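Take a look at the structure below.
The values are calculated or read from the model by the stated rules, or taken from the named source; none is laboratory data. A quick note: this is a predicted structure, and the numbers were derived from the prediction, not measured. Here the Cβ is made from the backbone with ideal geometry for all residues, glycine too, and neighbour counts use every protein chain on show. Surface areas here come from the heavy atoms of the whole protein model, side chains and all, with no ligands, DNA or RNA. Shrake-Rupley method; radii C 1.70, N 1.55, O 1.52, S 1.80 Å.
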Amino acid sequence: MQKNSNGYIPHPLQTDVTLPDEVLSAVDQIARQVHEMWAVTKMRGGYVFGKVTDDRARTHKDLRPYEELTEESKSYDRETALTTLRILYALGYEIRKKNPDA
């Protein structure tokens, strides 16, 4: 990994963890919630939906329901969800559904 201009070199945990199928089945639900929380934060900061993202105008093209996002935007949220789950497993945590029939 290369340093950036201020000398920072990221050192993330190794997240090449294989997640159980029951955990993987929740990734889309988690990704949706990641997007919802991101949207709340943006809107609290004064952002509104815009056809283009413009920080000066405080508009963002992804301030819309998860179902309406492009696959590229959805994949960002999915990757965030997957990375978070893999980090938890890499740290030794296990995740299981409280009520498997629900």
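A few points about this structure:
- Scan of region 24-45 for residues that are touching a helix residue (DSSP H, G or I) at 6+ places or on another chain (Cβ under 6 Å) and more than 15 Å from Asp62 (Cα to Cα), ordered by number: Val27, Ile30
- Taking the listed residues Val48, Val27, the one that is surrounded by 14 or more Cβ atoms within 10 Å (Cβ to Cβ) and not polar (S, T, N, Q) is Val27, with no other qualifying.
- Within region 79-102, being farther than 17 Å from Ala39 by Cβ, among the small types (Gly, Ala, Ser) and either under 15 Å from the mean Cα position of the chain (by Cα) or assigned to a helix (DSSP H, G or I) (or both) holds for one residue alone: Ala90.
- Some residue of region 71-78 being in contact with an Asp or Glu (Cβ under 7 Å, 6 or more places away or on another chain), open to solvent by less than 60 Å² (accessible area, probe 1.4 Å), part of a helix (DSSP H, G or I) and not basic (Lys, Arg): yes
- As a summary of the residue check, Gly46 satisfies the conditions (1) touching a residue at least 12 places away in the same chain (Cβ under 8 Å); (2) at negative phi except for the one numbered (2).
- Sole residue being in a loop (DSSP other than H, G, I, E, B), of a type outside the set (Lys, Arg) and surrounded by 14 or more Cβ atoms within 10 Å (Cβ to Cβ), chosen from Val17, Val34: Val17
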